[in-house]
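These notes are about the structure you will find just below.
The values are calculated or read from the model by the stated rules, or taken from the named source; none is laboratory data. Just so it is clear, the structure is predicted and the values come from calculations on it, not from any experiment. Cβ placement follows ideal geometry from the backbone for every residue including glycine, while neighbour counts extend to all protein chains displayed.
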Amino acid sequence: MGRDTVVQPTVTRTSRGLSIAGTRITLYSIMDYVTAGWPPKLIRDRLNLTDRQISDALAYIAEHRAAVEAEYQQVLKDAEENRRYWEDRNRERFAKIAALPPKPEHAALRAKLRAHKAKVNEHDHRAG
């Protein structure tokens with residue numbers, strides 16, 4: 001693991017990219033919430049950050065928006081490629097698992113679930 005570079009007291013560049021100092025939280029994680037329209041207080045609470053950490057991170061993002069956005073887009077692209085790789089690699093395995101017969105010890109649970117679904121469907125049919 002390489003050395004961390006201090007970008008500002010709260011934001012550092014680590015091997016994972018731009019991060020909140022002293023945490024494993026990247027600015028790209030914060031960007032997920034920012035782009036989804038979350039308010040700063042909810043982002044802060046969700047990621048268990050201090051007021052200072054979230055305000056410094058959002059200020060850094062605003063001040064360096066183009067560079068952070070470019071890195072964020074690359075992170076999203078890399079994550080999607082990684083997801084596709086593992087999905088393709090495990091497709092046969094998932095198909096084999098799905099084709100297995102249900103386990104006998106789950107029979108009672110499956111029957112209970114079917115009964116509940118039937119009850120819900122009957123209630124929805126009467127209400128509609």
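Taking Asn90 as the residue in question, decide whether it is polar (S, T, N, Q), over 18 Å from Arg16 (Cβ atoms) and free of Cβ contacts under 8 Å to residues at least 12 places away in the same chain. Spelling it out, Asn90 is indeed polar (S, T, N, Q), over 18 Å from Arg16 (Cβ atoms) and free of Cβ contacts under 8 Å to residues at least 12 places away in the same chain.
On the stretch given as segment 58-77, residues that are touching a Pro at 6+ places or on another chain (Cβ under 7 Å) and over 17 Å from Val11 (Cα atoms) total 0. Residues that are over 22 Å from Ala79 (Cα atoms), out of contact with any helix residue (DSSP H, G or I) (no Cβ under 7 Å at 6 or more places or on another chain) and modelled with pLDDT of 95 or more: does segment 6-29 have at least one? No, segment 6-29 contains no residue that is over 22 Å from Ala79 (Cα atoms), out of contact with any helix residue (DSSP H, G or I) (no Cβ under 7 Å at 6 or more places or on another chain) and modelled with pLDDT of 95 or more.
Taking residues in segment 68-82 that are modelled with pLDDT of 95 or more, and partners anywhere that are surrounded by fewer than 12 Cβ atoms within 10 Å (Cβ to Cβ), not one pair has Cβ atoms closer than 7 Å while being at least 6 places apart or on different chains. Scanning segment 13-34 for residues that are under 13 Å from the mean Cα position of the chain (by Cα) and of a type in the set (Ser, Thr, Tyr) turns up Thr26, Tyr28, Ser29, Tyr33.
So is Glu69 among the acidic types (Asp, Glu) and surrounded by 10 or more Cβ atoms within 10 Å (Cβ to Cβ) or not? Against the criterion (among the acidic types (Asp, Glu) and surrounded by 10 or more Cβ atoms within 10 Å (Cβ to Cβ)), Glu69 qualifies.
Can we say Arg84 is surrounded by fewer than 10 Cβ atoms within 10 Å (Cβ to Cβ) and more than 28 Å from Pro9 (Cβ to Cβ)? Criteria not met by Arg84.
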